Amino acid sequence: MRKLTFLAGLALGYVLGTRAGRERYEQLRKTARDIAQTPAVQSATRNAKQAAGSAACKAADAVAGRVGDRLPDSVTERVPYLRDRAAANAADSWDSGGR
């Protein structure tokens, strides 16, 4: 019964979509583009990207702090964040070790 309902909905959507045609599609696309260009939406998008980047950095720090030193070099060399962190740690230990 679920398959039949799904297929009926799919067929109905197809028929209604083809009746609307290309003009309606272009109208919806233009409206979406106009909305995306508003300052409020662009600001929200920028804020979301920054929040996601910040969360990703925190997560990367947490993971690298817990397992970074135990990973084989072949893995560390392939992940840019881990590679940069390992290089920074090596430079720190080199600088502080000579003093």
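The values are calculated or read from the model by the stated rules, or taken from the named source; none is laboratory data. Keep in mind the model is a prediction, meaning the values are calculated, not measured. Don't worry about glycine lacking a Cβ; one is built from the backbone with ideal geometry, like all the others, and counts go over all protein chains shown.
Listed here are the helices (runs of 4 or more DSSP H) enclosed by the range 1-93 that have at least 1 residues being among the aromatic types (Phe, Trp, Tyr) and free of Cβ contacts under 8 Å to residues at least 24 places away in the same chain: 2-36. Scanning the range 45-86 for residues that are surrounded by 11 or more Cβ atoms within 10 Å (Cβ to Cβ), polar (S, T, N, Q) and within 19 Å of the chain's Cα centre (by Cα) turns up just one, Thr45. Here is the figure for the range 19-74: residues that are more than 18 Å from Ala88 (Cα to Cα) and at pLDDT below 85 total 9.
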